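Heads up, the thing below is written out as C-alpha cells.
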Ligand code: HXC
C-alpha cells in the first residue's frame, strides 16, 4: 500500500508541474501566474477539488504519442468562494500552450455539465493558443461541444470568463457566450484571427494589443466587461463579483450581513442636482450613497460611460443598477449605451436580480452616425429588455426624463413597479427651449423667452406625471436609500406571468 500511495503522490507531483519548470519560469517572467496558482487565489484556501488531473491526449500524429503531459493543458474542478460553490477550469499555458485537444475539451465539458447539474456558477480562466494544431478536426468538435453547453447553461447558471493571456481562434467564442468577460491589462488579448492573418488577408499591420487587447475590448468593441492590472487583482475582483451573483436562476440573490441601516439618510443628496439644468453632476455619487457600505461593482465602466451599470446591495441583497450619467454626453442614450444597458437588464432578469434605475436623460442622441449605426434597433433592445423584465423594477427620476428615453428608462408604462421622482425631476416630451422653438417657430426673442418660461412652469416638473400616476410619489433625495430599500422589500414576492412562447424575438 505504501508504494501505491507513494506512486500516487509522485504522479500528482508530476501533474502539478504542468509543462515543467522552464515553462513555468517563462510564464512568471511574463507577469502571469500558472493555472494552479490562479485557482488558489480565486477559491477559498484549501477548497479546490481537482478532476481529471491524469487525463492525457490520445493524439498519435506529429510525434504527439511521445509527448504526453498529465492534465493536458487545462486544470478543472470545483471549490468555494466565501463558502459558496463554484466550478472552475483554468487553461494551463505551460502545457502545449493551453491549446485544446479532444481530451482537453472533454475535461472542460465535464465541468460544464457538473456546474449545470449542481446549479452553480462556472468560471473559465483563459490563457491559450486555440485549437491543438496537431489534432485538427477533433479539436474543432471539442470546441463545438463546449459552445453548445455554454448556450444550454445560459440564463440558468452564471458563467464568467477571465482572459489572462492569449485567447484566439476557437477559444474566443466560448467566453463570448458567457455572461461576463474580464481581461488583464497588457498580458491578455482576444481575437478571432491574429495579426499575421490580418496582415495576409486585409494588408493591415496591427499589434496584438491594438487588435484585441484589454483597452480595445473595454472601450471600443464592448466584448469585455472590465479589465484589471494583473492576475491577482483580476482574481480577487472575481471573488467580489461572485459574492453579488446568485448561484442560479432559481436560488434568489445571496444575502450578506450588513451593518448599514436601510433608513440611513444622505443629506448631501438634497444638493446633488445643480440649480442649472445644463450643469452635470456625477450619478455615481448617488449610486454609492444609496448602496450598502458604498459597495458598487461596475460592469463595463469604460464603455458607453453615458450610462452606468453594475451591482450594489440593499439590506445585504444584490440589486442591479442602471443609471444615466450626466457627466458624459449629458447622459444621452446612444446605440452603445442602449446595448450596454440592455444586456445588463437581461442578465439581471434571467437571474432574478431586482433592478433600480436612476434616470437623468435628455433623450436619444440625434445624428446620421447614430441612425446609420442602428440607433433604432439598439434603442429597441433596451426598451424590449425592460418591457420584458419580470424582476422588481424601481425607478427614480432625478432630473430629466425627456421624450422616448423617458419611456425606455423603466417607466411605469413598460412595467416598472415603483416609480419615484425627486422634486427636481422634469418629465417632458423635450426640453423647454426646443419645445417652444417648434411651437412658436419664427417667433421673436421676447416671445420665445416668455413662452419658454411658461413651458418650464407648466411642464418641467415631476407633478404633471405625478398627477397622472406615472410617478407614484415625489420623494426627498436624502430619503432615496430608505425609499428604494422599502420598495424592494415590498416587491420581494412579486409574481408575474407571461404568455407561453418558445422564446422571444428581441431585436438583435
Ligand atoms: C499546439 C501550441 C499551440 C497550438 C501554442 N502552442 N499554440 N501547441 N497547438 N495551437 C505551444 C507552442 O508550440 C509552444 O510549445 C508553447 O505552446 C508556447 O507557445 P509560444 O509560441 O512559444 O508562446 P508565445 O510566443 O507566447 O505565443 C503564444 C501564441 C502562439 C500567440 C498563442 O503560440 C500562437 O500563435 N499559437 C498558435 C495559435 C493558433 O493559430 N491557434 C489555432 C487557432 S485556430 P513549446 O513546446 O515550445 O513550449 C482555432 C480554430 C478553432 O482555434 C475554431 C473553432 C470555432
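Any read-out appearing in this document is the output of simple, stated calculations on the displayed coordinates, not a laboratory observation. Just so you know, these numbers come straight off a predicted model, no measurement behind them. Here the Cβ is made from the backbone with ideal geometry for all residues, glycine too, and neighbour counts use every protein chain on show.
In segment 2-244, the DSSP beta bridges split such that about 40 percent are antiparallel, to the nearest 5. Peptides 112-121, 336-345 ranked from most to least packed, by the mean per-residue count of other Cβ atoms within 10 Å: 336-345, 112-121.
Computed over the chain, the per-residue total of -39500 (n - 2.57) for DSSP H runs of n ≥ 4 gives a 222 nm mean residue ellipticity of -11000 deg cm²/dmol, rounded to 500. Each peptide among 91-103, 48-60 gets the average number of other Cβ atoms lying within 10 Å of its residues, and from highest to lowest they stand as 91-103, 48-60. Shown for segment 2-244 is the translational diffusion coefficient from the Stokes-Einstein equation, using the Kirkwood radius over Cα pairs, a temperature of 25 °C and a viscosity of 0.890 mPa s: 136 µm²/s. Pairs of Cα atoms nearer than 8 Å and 6+ residues apart set the relative contact order; for segment 365-508 it is 28 percent. With contacts taken as Cα pairs under 8 Å and at least 6 residues apart, segment 2-244 reaches a relative contact order of 16 percent. Among beta bridges identified by DSSP and lying wholly in the chain, the antiparallel ones come to about 40 percent.
Where both bridge residues fall in segment 75-170, DSSP classifies roughly 40% of the beta bridges as antiparallel.
Relative contact order, whole percent, for the chain stands at 9, derived from Cα pairs under 8 Å and 6 or more residues apart. Shape of segment 195-279 from the C-alpha gyration tensor: oblate (a/c of 1.5 or more and a/b not above b/c, with a ≥ b ≥ c the square roots of its eigenvalues). Compared with the dominant principal axis of the Cα atoms in the chain, helix 102-118 is inclined by about 50°. With the simple spin-label model, which puts each label point 7 Å out from Cα in the Cβ direction, the residue 467 to residue 53 separation comes to 7.4 nm.
Distances over 39 Å make up what percent of all Cα-Cα pairs in the chain? It works out to 32 percent of all Cα pairs. Per-residue packing, averaged as other Cβ atoms within 10 Å, sorts the ranges 398-406, 39-47 into the order 398-406, 39-47, beginning with the highest.
Label points 7 Å out from Cα along the Cβ direction at residue 437 and residue 251: separation in nm? Rounded to a tenth, the inter-label distance reads 5.3 nm. Exposure proxy shown here: for 348, 167, the number of other Cβ atoms within 10 Å sets the order, fewest to most, as 348, 167. Normalised size of segment 282-324, defined as Cα radius of gyration per 2.2 N^0.38 Å with N residues, equals 1.06. Label sites at residue 490 and residue 61, each approximated as a point 7 angstrom past Cα along Cα to Cβ, lie 6.6 nm apart. Each residue in 506, 427 was given a count of other beta-carbon atoms within 10 angstrom of its own, and listing them fewest first yields 506, 427. Arrange the following residues from fewest to most other Cβ atoms within 10 Å of their Cβ: 500, 422, 78. Starting with the residue having the fewest Cβ neighbours, the order is 500, 78, 422. Helix 137-153 and the longest principal axis of the Cα set of the chain meet at an angle near 40°.
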